[in-house]
Amino acid sequence: MSHQKKKPNGCGCSNIPLSLIILIFGGGYWWFSQKGNLDISKFLVNIQQITIPILNSSPIAYSTPNPITSSTPTPFLSSAKNLQSNQKQAVIPTITRPKTPLLQTPWEKKVIRGIYLSRYQITNNTDEQTIRERVRYYRSQGINTIIHGVWGNGCTMYNSEVLQQTLGYKSCPNQFQDRWLDWLIDEAHKQGMQVHAYFEKGIKIDKNSPIYDLAISRQWVVPGVDKTYVGIDHYVLDVQIPNVGNLFKNILVEFVQKYPKIDAVQWDDYLGYYAELPGKIDRTAKLTKFLQQMITAMKQANSSVSFDICHHNPYWAKRYFAADWQKWHVDRVFIQAYNEANFKEELNYAKNYAGIAITDQQLHRLKELVDNQEIKSILVFPLSGKPEETASRLKILTQYEERGSRGAGE
């Protein structure tokens, strides 16, 4: 029986010489250990240089990023930088809720909330600290304008060169400190308030005036006695007489130059001639001419000062006091409504002008006036002679408006 050849199994490696196999494996090992390892280690270095912030377990430092040692940036590195930058900018802003502005009460909406201070109520031997404290007090009571007497009964409440040269004395008999009005104006302006200089009694004097005897001897007064107000006799200086007219003009010009920061001057119903004086002489036209000249002179000396009057309505003023103030070229008119019997009529006039003036005996009218939007300003004259008490009452009486408006605005 003949023997048949078997088919070879596998790859036939058993037929390859052992020395050749050793040579191949040895060369491959050497190649990978030299060339191949160089490329892989280079790639691994680049991989180690890449930092992905969101994968780091430690907190991200936004101030200074770690420097990149590679001189050639890669897209992946750029993306990582942008991610860090965006994280720096992604700061949640603090949202501050704006405060709702407080609504003004009807009282606070009045342009002028004024109180009158007679010439002796704040000046007599009063120091700077006291004056400033009183101004702040009135501000705390809701007052924004002090109307203070600076002239009255034929003399000034400051040292006047005009008065000294004309009449031989420099002021009213009062122990005021020379700078009292400077302190008053300065503190008022710091508090956001105004000061109006009040020329009390206007062109009228009584027997207590320091110039009474002189005026009588020089015939500076018109004939008769002015009995407009019960209980006191007044004598009216005749401004048609050049010396008298020039005295008033020069006093006013001196004042607005001496106190250039004063906000306004105000004259009242004593600027007029009572109709019941003897002779029934109509002095209306001459009084108008005098006022026009005096106001013009004041404006030339200091155009920033407002010339105001607090007088009766235009009909009454002209009919009973020869005061045709609609032709005087004044800046503001406040209607004096001290007469309760005529209050409603005066109120109707006040709506068409700068405001209304009442006394502390008419504070029962305050709510009506405060609530009336057509009344732009309210001035209060303390007939009691106690302005601080009057201011306190004003504060109390206007608090009901304040509580209501504040509650609505919150």
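The values are calculated or read from the model by the stated rules, or taken from the named source; none is laboratory data. The model shown is predicted, which means the values in this text are computed figures rather than measured ones. We place every Cβ from the backbone using ideal geometry, glycine too, and count neighbours over all the protein chains shown. Protein only, heavy atoms only, side chains kept; ligands, DNA and RNA dropped before computing areas. Shrake-Rupley method; radii C 1.70, N 1.55, O 1.52, S 1.80 Å.
Note on the range 249-393: Cα-Cα pairs beyond 25 Å make up 36% of the total pair count.
Tell me, what % of the accessible area of the range 271-410 is carbon and sulfur with a 1.4 angstrom probe? Roughly 48 percent, rounded to a whole number. Within the range 115-197, DSSP assigns beta bridges of which about 20% are antiparallel (rounded to the nearest 5). Ranked by the mean number of other Cβ atoms within 10 Å per residue, highest first, peptides 156-164, 330-338 order as 330-338, 156-164. Restriction of the chymotrypsin sites (Phe, Trp or Tyr not before Pro) in the range 187-259 to DSSP coil positions whose beta-carbon has at most 14 other beta-carbons within 10 angstrom yields Y229. Applied to the range 191-203, the Karplus parametrisation 6.51 cos²θ - 1.76 cosθ + 1.60 on θ = phi - 60° returns per-residue 3J(HN,Hα) values of 8, x, 10, 10, 10, 10, 7, 9, 8, 5, 6, x, 9 Hz, with x for Gly and Pro. Need the list of aspartates and glutamates near K386 for cross-linking: C-alpha distance under 16 angstrom, and skip anything on the same chain fewer than eight residues off. Qualifying aspartates and glutamates at Cα under 16 Å: D360. Listed cross-link partners K249/K299; K227/K289; K207/K227; K201/K376 are compared with a 19 Å cut-off, the Cα-Cα value being larger for K227/K289; K201/K376.
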